[in-house]
Amino acid sequence: MCASEHESERNQSSQNEQAGNPSEWKRDYSELERQIDDRTLELSLLYDLSRSMNSSLSLDEFLRSILEAIHRISEADLSLIILSFEDRPVIYYYLSHLVEGRELKEIGKSAISLFHDLSGRKVRNEKTVVFRSRDYLPESYYGQSSLQIIHHMPIFRRSLSVGLMAVCSSQRRILNENRIRLLDTVSNQASATLDRFISSLESEQSRFRSVVNSMTEGVVLTDLSGHLLMTNPAADSILFRLRLDRDQGFANSFHDKDLVRSLSDLRKNRIRSLSHEITFHNYQTILNVTASAVLDADERVTGIVWVLSDITRQRQLHEQMMQAEKLSALGEMISGIAHELNNPLTSVMGYAQLLQNASVPKEVKKKLEVINSESKRCQRIVQNLLTFARKYKIEKKWFDLNGAIESVLQIISYQLRVSSIEVKKNYPQDLPRVMGDVHQIQQVLLNIFNNAMQALLEVKRKRKIMIKADFSDGKVLIEIKDNGPGIRKENISKIFDPFFTTKEPGKGTGLGLSIARTTIREHRGEINVVSNVDEGTSFLITLPAAGGVRDKDQNARLPARIDRIPAGKKILIVDDEIEIFHFIEEVLREDGHQVNFASDGRMAVKELKGSAYDLIISDFKMPRMDGKEFFSRVSRKFPHLKDRFIFMTGDTANPATSEFLEKKKVRFILKPFDLEEIRKAIRETFQES
């Protein structure tokens, strides 16, 4: 056979061999197809992972998307990620089948040990998060063999090892090079994205921390065991001030059983938040405590956020406002009661004085003196009550300090008597007058007397309050001293502070002495305290005196007896109380005047139209037409009587009444009044008109 024939046979044999061996061709095709599938899977995973990473709003969502990608690539039984910041690792598991807790714990230990070997950082397992795949099969159990880590990949952030990705399998499986390469690609992508994600998270946390630190309320984050994880400066201040123990569990440090019981429901996710109010008597502090559950992605309680609000000042202001409203209502009630008492008192006092001037037996005259004296006592009580119920505009003028002290003592005379408190007075009757608002000074004195009386209730020895007053170097000096339990040394410097009180909750607002100091300083004076425990307390008040001299004649300040005015005047009495009319009528007829009566403003207007009068004496509160409207009618229709008008009223505690009398500058006398007062008012009216 020639050479050409041999070559032809070899070519034909080779062609036959290739055409007749399709298995190699199939292998090449399958390999190519697998490579295409792997590449397609890689592109798909990277696309999905990138989209998920960019849209994730939380770290948990971000890590879940990575674990899903690892699971799809490796088709492993279990995937996990360890992340460790500040040596506090969290293990994230991704399951598609049931795994026993013991087995998860063992694989977690192996992963932490591996992370330690790679990073050189000693960490302990503090928290685990378990994700279940969408096709999770709880009835399927691995059970064939123990889980093992078959591949791992480190996670870096800024050249620092911060975590580990691991693929686990219950069987000895070998990942091919393409899958390992793909896992490494995912790991690199995750590290890069994690760096940006954590940086953004840290920035948000920094802003959040800045906001929390600027809050005036205390903010505390604890785990479920009560260990403190975070506090802001306001919380640190509260914890330090109340000396709360940070080591015994945050809730337990409040020593409040109701709070601990409610907290149990919060931990078990029965309630999402609770609010509780706690009073710390030793520190005079009321704290509002709010606790809210911190939930993870699976709605499990993982911690508690506490908000601590010191509401002491708000509560005291609220109590003060409530007290002010009560006092306002009491003032209106006193005004009404006083008005009802003043009318009969006016009649009783008037008739008693008239009968004293009449020819009656000595025995009867003595009894009339008692009636008159006791009536005047009732008059002083009612007027003092009205003084403190009245709403005043602050008005500084010269006033008698002795009279101010005596008026306050009259108001508290009943409390002093029933509390068996003896009052000793030592002040001269010729004290200089003081420039200021008499009502404000009376309120200061009343606060000090009230404090002394309350303190004296704590002692069993004979109770005493001593009042001294004197004049020196152009100043009036007042000392109010009690023999009570005294004030402890550490509290002396605090008693003038707003809201400081040593009284039990509900028995004091802590504002009385603070207001007293402010008031005295506004009067260019000073108030100080000296106290010894078990011996008593002295309040010392200094006020500038009038011109720096004493009054030479104290009697010059007392009202002199007014001579009777010339007779023959025609006077109209307007009052809905007929007894008051009869009393005034008898007095004025005795003085030689002609007197007529009208029971209200309307009747009085008709009477004025029909007859000429020299003077009108009118009540202020009357039915049908009150004194205000009646005076307006008189001013318009009978202008010559505008300046010959006298009001009788006991209603000056009413701001509207006081404002009207002051604005119109009309003369008035306070019920109840005596003979001299009504005569003096009539005389002065005729002299000035």
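The values are calculated or read from the model by the stated rules, or taken from the named source; none is laboratory data. As the structure is a computational prediction, the values presented were derived from the model and not from experiment. Every residue, glycine as well, gets a Cβ built from its backbone with ideal geometry; the counts of neighbours run over all protein chains shown. Heavy atoms of the whole protein, side chains included, go into the accessibility calculation; ligands, DNA and RNA do not. Shrake-Rupley method; radii C 1.70, N 1.55, O 1.52, S 1.80 Å.
Details
- Distant-in-sequence amide H partners of residue 131 (H built 1.01 Å from N, under 5 Å): 93, 94, 95
- Residue 664 contributes an accessible area of around 90 Å² to the protein surface, as traced by a 1.4 Å probe with all chains present.
- Restraint check, 362/468; 569/665; 397/468, Cα-Cα greater than 29 Å: 362/468
- The length gained by stretching the chain between residue 473 and residue 127 to full extension, at 0.36 nm per residue less their Cα-Cα distance, is 116.7 nm.
- Per-residue packing, averaged as other Cβ atoms within 10 Å, sorts the ranges 407-419, 69-81, 432-444 into the order 69-81, 432-444, 407-419, beginning with the highest.
- When the residues 230, 153 are ordered by accessible surface, computed with a 1.4 Å probe over the protein chains alone, the sequence from largest down reads 230, 153.
- The loop-placed trypsin sites (Lys or Arg not before Pro) in the stretch 247-298, going by DSSP, that have at most 13 neighbouring Cβ atoms within 10 Å of their Cβ come out as 268, 270, 272.
- Per residue, the stretch 204-268 exposes 60 Å² of accessible surface when a 1.4 Å probe is rolled over the protein heavy atoms with every protein chain present.
- Cross-link partners of residue 127 among lysines, defined as those whose alpha carbon lies under 22 angstrom from its own and excluding same-chain residues fewer than eight positions apart: 105, 109, 268.
- Kirkwood analysis of the stretch 422-484, using all unique Cα-Cα pairs, places the hydrodynamic radius at 13.1 Å.
- Amide H partners (placed H, <5 Å) of residue 668, local residues excluded: 647
- Between residue 302 and residue 497, the contour length at 0.36 nm per residue exceeds the Cα-Cα span by 65.9 nm.
- Residues with amide H under 5 Å from that of residue 232, placed H, sequence gap 5 or more: 219
- Looking at the stretch 621-689, the accessible area is 49 square angstrom per residue; that uses a 1.4 Å probe and ignores ligands, DNA and RNA.
- Overall form of the stretch 145-259 per C-alpha gyration tensor (a/c, 1.5; a/b vs b/c): oblate
- Three-way shape label, the stretch 229-314, alpha-carbon gyration tensor, a/c 1.5: prolate
- Potential lengthening between residue 181 and residue 117 on full extension [0.36 nm per residue; Cα-Cα distance subtracted]: 20.8 nm
- ³J(HN,Hα) computed for each position of the stretch 192-205 - Karplus, 6.51 cos²θ - 1.76 cosθ + 1.60, integer Hz, glycine/proline x: 5, 5, 4, 4, 5, 5, 5, 4, 5, 5, 5, 5, 5, 5
- Applied to the stretch 661-667, the Karplus parametrisation 6.51 cos²θ - 1.76 cosθ + 1.60 on θ = phi - 60° returns per-residue 3J(HN,Hα) values of 5, 6, 5, 7, 6, 8, 5 Hz, with x for Gly and Pro.
- In order along the stretch 619-634, the phi-based Karplus estimate (6.51 cos²θ - 1.76 cosθ + 1.60, θ = phi - 60°) of 3J(HN,Hα) comes to 5, 9, 9, 9, x, 6, 9, 7, x, 4, 5, 4, 5, 5, 5, 4 Hz; Gly and Pro are listed as x.
- Spatially proximal lysines relative to residue 637 (Cα-Cα < 16 Å; intrachain offsets below 8 disregarded): 606, 609, 628
- Label-point separation, residue 676 to residue 204 (7 Å along Cα→Cβ), nm: 8.6
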